[in-house]
Amino acid sequence: MPLLLLVAGSAAIAAAGRRTPVPAPLLLVAAGLAVSYVPGVPDYTLDPGIVLPLLLPPLLHTAATDSSYLDLRAQLRPVALLSVGYVLFATLAVGWAVYLLVPDLPLPAALVFGAVVAPPDAVAATAVARWVGLPSRVTTILQGESLFNDATAITAYKVALAAAVGEGATWAGGTAEFLVAAIGGVGTGLVLMLPLHWLRTRVKDALLKNTLSLLIPFVAYAAAEQVHASGVIAVVVVALYLGHRAWEVDFTTRLQEEAVWKMVAFVLESAVFVLIGLQLPVVLRGLGEYEGADAAWYTLAVFLVVVAARFVWVYPATFLPRVLSARVREREPNPTWKGSFVIAWAGMRGVVSLAIAFSIPLTLHDGEEPFPQRNLILFLTFTTVIGTLVVQGLTLPPLIRLLRFPGRDVQAETLAEANAQAQASRAAERRLDELLSDSDERNALPEPLADRLRQVLERRRNAVWERLGSVNPVTGETVDDTYRRLSREMISAERAVFVRLRDGRYIDDEMLRTLLRRLDLEEAAAYREMA
């Protein structure tokens, strides 16, 4: 029952949040904070054994399939500098600062905390970037960073934790572990992506296709972790390939998977942000001696260090390669200080940091001595996550407006779309003429139906060009808007007749469902044709 209330409540809040000017993730976190103190609300303690293998894979899968492999490849250098270089830098910088700030905190334990809060969160970055409408290059860099940085952070955490609990760890060993995790994750993804894609193109049953689609991220994650590789990287590699080759599966699979994964992402993202807020009582109960002014000072200082460390890394990593390498200057567009500022400011932390923090053991390797300042590390992780989500998440939209980023060139995009559609339509028309002129009797078609195929093709070709034309002075609609509205009205009239015939027992429910599905497909085709 608590789980049902969590999912239902978070979904309702997220849906309501779409009608407000505040990003939905922030409303969800605020709701979680408020609900956590309502009498009778149970504790929802984040279990790393659930978050990392069960929540993270599908969220990474949806983010990766929505990303562009080609765009990520074009931005590979800045993505790598952020997802690997920045995470390691933040681990050291934040860890060292906390070591100097908190009395009696050993350096290895401080580095554990640094690794915990180092990676910006994939869910937070994608959700906020999508909501505020960042420029495409900035969005690609942030999404690419958030897809791969968890692997770096988890590896850095394991190395720092081994040193902190007394198991022994060296820089050489840590580097080797990172390489094994990264190369193994990539290798696992490369091994799995081809057979999984083959299955997607061969399975015909709708239920099996959707089941396979939902299992893919978990299979990739579990297979990589089984060989001590990075499950995060394996999931991302597989998802990027499947998204890049999605055109090879049939249209029903694409339509069904899009609907299923939109629902999964909506539910999981909503629940994740509410869960962040619900951790407050759990964290505060274990805070112990650190209360009042000390806790507030540590919270503020750590937040400022986390934010400052990202700026310290982003600007040199953005501009120094251009100064040092003529090849970089030739191959990559000239970055602006505005874009770098947004990238530096958009470092929201999220549920992965909290899940890793909760996985810190209670005791050291001997099983008797408690882990140094574990409760304080949990508290500072929580406040850092909340601080970055609220402060940076709330200020990001006005910051983008203040910096006056150039908006999308809708006219140029529509023109490019129209040119692409024109080329495709000409190819389709040539193919139709070849088939109809063929002596093969299988292609024999009455002239009215052949003309209908040509009309559909012409309509699809003209629809995009019409969006460049004038609008109706009365309704403000473009021609395609009017066409789509009238098409919906006609289909609604047909649908009403079918329902009336069913109610009058002239047709049964099975026939009604068949007729309604046919109308649904026609309406979807008309909408997609004009959209």
Express in % the proportion of alpha carbon pairs of region 156-306 at distances exceeding 18 Å.
72 percent
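Among rounded, prolate and oblate, which fits region 38-110 when a ≥ b ≥ c are the square roots of the eigenvalues of its C-alpha gyration tensor, a/c under 1.5 means rounded, and a/b larger than b/c means prolate?
oblate
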Label-point separation in nm, Ala422 to Leu3, each point 7 Å along Cα→Cβ:
5.6 nm
Enter the accessible area per residue of the chain (Å², integer; probe 1.4 Å; all protein chains in place).
51 Å²
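Taking trypsin sites (Lys or Arg not before Pro) as candidate sites, keep only those in a DSSP loop with at most 13 other Cβ atoms within 10 Å, then name the longest stretch of the chain containing none of them. Provide the component values of the computation, followed by the final result.
Numbers: sites that count: Arg18, Arg19, Lys204, Arg404, Arg408, Arg505.
Segment 205-403 is the longest.
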Compute the helix-to-body angle for 251-278: its Cα long axis versus the longest principal axis of the chain, expressed 0 to 90° and rounded to tens.
30 degrees
Leaving out ligands, DNA and RNA, what percent of the accessible area of region 174-332 is carbon and sulfur, probe 1.4 Å?
71 percent
Go through region 251-321 and name the GluC sites (Glu not before Pro) that are in a DSSP coil and have 16 or fewer other Cβ atoms within 10 Å of their Cβ.
Glu289, Glu291
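Given axes a ≥ b ≥ c from the Cα gyration tensor, I'd like to know whether region 24-70 is rounded (a/c under 1.5), prolate (a/b larger than b/c) or oblate.
On the way: a/c = 5.49, a/b = 1.86, b/c = 2.95.
Verdict is oblate for region 24-70.
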Using just the helices of the chain, give the 222 nm mean residue ellipticity in deg cm²/dmol: DSSP H runs with n ≥ 4 each add -39,500 (n - 2.57), and the total is spread over all residues, rounded to 500.
-24500 deg cm²/dmol
Place a point 7 Å from the Cα of Thr395 along the Cα-to-Cβ direction; which residues of region 298-320 have their backbone N under 19 Å from it?
298-315
Roughly how far apart, in whole Å, are the Cα centres of region 309-332 and region 192-251?
35 Å
If I stretch the segment between Ala176 and Ala293 completely, what's the gain in nm (0.36 nm per residue apart, minus their alpha carbon distance), one decimal?
37.9 nm
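Take the Cβ-Cβ distance between Leu208 and Trp96 as r, set R0 to 51 Å, and report the resulting FRET efficiency rounded to the nearest 0.05. Display every interim value, and only then the final one.
Working: r = 52 Å, r/R0 = 1.02.
With a Förster radius of 51 Å, E is 0.45.
Using a/c under 1.5 as the rounded threshold, could you call region 263-330 rounded, prolate or oblate? The axes a ≥ b ≥ c are square roots of the C-alpha gyration tensor eigenvalues, and prolate needs a/b larger than b/c, oblate otherwise.
Taking the square roots of the gyration eigenvalues as a ≥ b ≥ c, region 263-330 is oblate.
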Under a no-solvent Debye model with one identical scatterer per Cα of region 1-124, what's log10 I(q)/I(0) at q = 0.16, 0.23 Å⁻¹?
-1.12, -1.25
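The values are calculated or read from the model by the stated rules, or taken from the named source; none is laboratory data. As the structure is a computational prediction, the values presented were derived from the model and not from experiment. Glycine also receives a Cβ, built like all others from the backbone with ideal geometry; neighbour counts cover every protein chain displayed. Accessible surface is based on the protein model in full, side chains and every heavy atom, while ligands, DNA and RNA are left aside. Shrake-Rupley method; radii C 1.70, N 1.55, O 1.52, S 1.80 Å.
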